[in-house]
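Where a number appears in this text, it was derived from the coordinates with a stated rule and is not lab data. Bear in mind the structure is a predicted one, so any value in this text is a computation, not a measurement. Here Cβ is always computed from backbone atoms with ideal geometry, including for glycine, and neighbour counts include all displayed protein chains.
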Amino acid sequence: MQNNLSSSPALKLLFVSTPVGGLGTGLGGGVELSLYNIAKEMLRRGHTLQIVAPSGSLCNEFPIIEIPGNLQIIAQSQERNDPITMPVNSVLANMWEYARQVQGEYDLIVNFAYDWLPFYLTPFFKTAIAHLVSMGSLSDALDQIICQVSQAFPHTIGFYTHSQGATFPNLISPLYYLSSGIDLSLYEFCDKPKNQLAWLGRISPEKAVEDAVEVAVKTNIPLKIMGKIQDEQYWQKICNDYPNAPIEYLGFLSTDKMQSVVRECKAVLMTPRWVEAFGNVTIEALACGVPVISYSRGGPAEIIQDGKTGFLVEPDSVTGLIDAVLKLDTINRQACRQQAETDFSLNALGLRLENWFQTILHR
Ligand code: HBI
């Protein structure tokens with residue numbers, strides 16, 4: 001039945017979400033936005049889909065099958081050689097038990113969890129599984145199982161970026177680099193920013209918001225901070241270390257509220273301590289015409305056009321960030337919006353995903 005925008009036949013897709021939090025709570029970080037945007041674009045292209053996610057998911061646009069159970073601990077909080085752990089009544093196990101039961105109703109299952117179980121279960125499923133890996137290498141056990149799946153099921157491992165994929169050892173090609181994409185109509189361009197900076201992301205040590213706070217203190221430019229506080233103690237320490245910083249924490253905001261703040265900023269600062277797999281924040285800023293100043297590592301380093309749509313800075317160098325802030329008036333904000341339209345529209349993302357899915361199903 002050719003009832004969709006693209007040439008490929010309509011697919012029946014089952015998306016199985018991350019087990020670290022309900023969709024829309026912010027606990028799932030970037031992968032929540034990815035899943036939501038990919039779902040929106042696949043529906044627009046005429047495919048049908050069902051989303052399986054932990055209970056407590058908030059999403060008024062799509063029907064979600066909410067699965068009860070205990071959340072998985074976040075992979076970033078574990079050591080590289082930690083054993084795989086599963087809580088009693090694991091929501092991850094419950095979601096994949098549901099997927100096993102209904103798999104016959106779908107052409108393809110898409111896994112959004114950065115967890116050992118879905119990779120291990122792949123050979124036990126009759127329906128093909130596409131794995132969208134949402135972070136760089138963090139654990140030996142996961143590296144090993146991802147490597148095994150890439151060997152046994154070619155084409156089924158997808159990353160956001162090359163630098164993210166490069167952190168995994170012994171992967172077998174072909175691998176897929178999907179980049180990301182956002183609904184650009186939700187982000188409004190602003191040419192006349194206020195004298196303020198922004199930092200967005202999960203407030204957790206690997207994101208190093210303290211470096212952005214230090215920039216605010218040293219330049220005395222107000223910093224707007226947005227995102228879910230994942231590590232309360234870590235955030236409290238920062239507030240205690242910088243009691244007089246010109247910062248304002250605005251919470252985890254909806255896309256619309258977030259972009260209404262970001263668009264009025266001179267720049268967004270990105271201070272990843274780890275190899276950021278992609279950094280949706282980067283393209284959300286560009287979509288508002290806001291240049292991005294980021295440490296030159298991971299996804300943002302593959303997105304930002306240094307000197308044109310932002311600045312790439314020596315990793316972990318706060319003075320490097322400050323030097324870049326002082327050069328911001330050399331950036332044309334229209335160029336930032338233009339890059340988002342060219343590379344990161346939902347249509348561009350949908351094409352990359354569709355090609356990937358069709359390759360898995362028809363290789
Ligand atoms: N940790 N165990 C686990 N599983 C995930 O799916 C996961 C995670 N940590 C973070 C995360 N997903 C998302 O925030 C990614 O977008 C980074």
Three-way shape label, the chain, alpha-carbon gyration tensor, a/c 1.5 | prolate
Considering only the other residues whose Cβ falls under 12 Å of the Cβ of residue 360, what net charge follows from Lys and Arg at +1 and Asp and Glu at -1?
-> -1
Rank 244, 89, 170 by mean-square fluctuation in a GNM of the chain with C-alpha springs under 10 angstrom and give only the top-ranked residue.
-> 244
Calculate the spin-label point distance for residue 140 paired with residue 241, positioning each point 7 Å from the Cα along the beta-carbon direction, and give it in nanometres.
-> 3.0
In the Gaussian network model of the chain, springs joining C-alpha atoms below 10 Å, which of 64, 84, 229 carries the largest mean-square fluctuation?
-> 84
Any idea what the dipole of the chain comes to, in debye rounded to 20, about its Cα centre with Lys/Arg Cβ at +1 and Asp/Glu Cβ at -1?
-> 600
Using a/c under 1.5 as the rounded threshold, could you call the stretch 109-170 rounded, prolate or oblate? The axes a ≥ b ≥ c are square roots of the C-alpha gyration tensor eigenvalues, and prolate needs a/b larger than b/c, oblate otherwise.
-> prolate
Charge dipole of the chain about the Cα centre (unit charges at C-beta), most positive-ward option of 98, 310, 332 = 332
Taking a quarter of the surface of the Cα convex hull of the stretch 184-343, what do you get in nm²?
-> 8.0
GNM, the chain, Cα, under 10 Å: largest mean-square fluctuation among 198, 93, 277?
-> 93
Angle in degrees between helix 30-44 and the longest Cα principal axis of the chain, rounded to the nearest 10 | 60
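Of 40/207; 218/266; 40/194; 12/207, which ones are farther than 25 Å apart at the Cα?
Table pairs above 25 Å Cα-Cα are 40/207; 40/194; 12/207.
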For the stretch 192-224, state which GluC sites (Glu not before Pro) are in a DSSP loop and have at most 13 other beta carbons lying within 10 Å of their beta carbon.
-> none
